[in-house]
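Trainee: Encoded as structure tokens, here's the structure I'll be asking about.
The values are calculated or read from the model by the stated rules, or taken from the named source; none is laboratory data. Keep in mind that what you see is a predicted model, and the values were worked out from it rather than measured. Cβ: placed from backbone, ideal geometry, glycine included. Neighbour counts: every protein chain shown. Accessible surface areas use protein heavy atoms only, side chains included; no ligands, DNA or RNA. Shrake-Rupley method; radii C 1.70, N 1.55, O 1.52, S 1.80 Å.
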Amino acid sequence: SLSLPQYLGKWYFIAAAGVKESDVQMFRQMDSTVFYLNETSKNALLLTGAMRVGVHCIMKNWTYTIQSGKDDLTSEGRPELQTLVWSGEWLNCTQCILLQEIERHLDPLETHDTLNRFMLYARDSALLDNKVVMAFQTQTACKNMDRFVHLPQEKGLWFWYII
């Protein structure tokens, strides 16, 4: 079961790893991203993000439902997507969280995942050193996720759009 207070608030998207190139392709064009995770009701979370892509800032919202007795979140409009939230302890980073997204075929004859990726977030992008990013890349590679993207964060964040 999720311990919500530790996950609410502002998060910087740092890196992603996936099994296939298509799992991480959308992140390759991004420079920097900041998210706010808020509880909208007892069983719902709203993730609001501002993503810097080139000279543009793209805003996006995702609504998740917390299912009683389960460790995963359900994404509104995508019942096939399973989202798991992991603490940063896996990387020895108390200021980090990881989201794992797994999308399965709804057809029982299809046995492979159509999406399987981890995404690394940190409370403060300046706090996250390369050791944590390298540990993330190493740990995910051990899970057969050798496609990797580390956001450059060279052009600055446009987080004031979502404050």
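Trainee: Determine whether the range 56-73 contains at least one residue that is out of contact with any helix residue (DSSP H, G or I) (no Cβ under 8 Å at 6 or more places or on another chain), small (G, A, S) and open to solvent by 20 Å² or more (accessible area, probe 1.4 Å).
Mentor: yes
Trainee: I'd like to check something: does the range 35-55 contain any residue that is part of a loop (DSSP other than H, G, I, E, B), hydroxyl-bearing (S, T, Y), on the phi < 0 side of the Ramachandran plot and open to solvent by 50 Å² or more (accessible area, probe 1.4 Å)?
Mentor: No, the range 35-55 contains no residue that is part of a loop (DSSP other than H, G, I, E, B), hydroxyl-bearing (S, T, Y), on the phi < 0 side of the Ramachandran plot and open to solvent by 50 Å² or more (accessible area, probe 1.4 Å).
Trainee: May I pose another question? State yes or no: is E101 charged (D, E, K, R) and at pLDDT 90 or above?
Mentor: So E101 fits the description; yes.
Trainee: Further question on the same structure: In the range 7-22, which residue that is within 16 Å of V149 (Cα to Cα) and more than 12 Å from the chain's Cα centre (by Cα) is surrounded by the most Cβ atoms within 10 Å (Cβ to Cβ)?
Mentor: Looking at the filtered set, the residue picked out is V19.
Trainee: Moving to a separate point now. Quick check on this structure: which one of Y64, Y36 is out of contact with any Asp or Glu (no Cβ under 9 Å at 6 or more places or on another chain) and under 29 Å from A135 (Cβ atoms)?
Mentor: That would be Y36, the only listed residue that is out of contact with any Asp or Glu (no Cβ under 9 Å at 6 or more places or on another chain) and under 29 Å from A135 (Cβ atoms).
Trainee: So, one more: Where residues in the range 124-136 are open to solvent by 80 Å² or more (accessible area, probe 1.4 Å) and either over 21 Å from G49 (Cβ atoms) or not aliphatic (A, V, I, L, M) (or both), which of them is modelled with the lowest pLDDT?
Mentor: Only one residue fits best here, namely N130.
Trainee: Just the residues that are of a type outside the set (D, E) and open to solvent by less than 80 Å² (accessible area, probe 1.4 Å), please, taken from the range 23-34.
Mentor: Listed by number, the residues that qualify are V24, F27, M30, S32, T33, V34.
Trainee: Please state which of the following conditions T94 fails to meet, knowing it meets all the rest: (1) in contact (Cβ under 8 Å) with a residue 24 or more places away in the chain; (2) open to solvent by 20 Å² or more (accessible area, probe 1.4 Å); (3) in contact with a helix residue (DSSP H, G or I) (Cβ under 7 Å, 6 or more places away or on another chain).
Mentor: (1)
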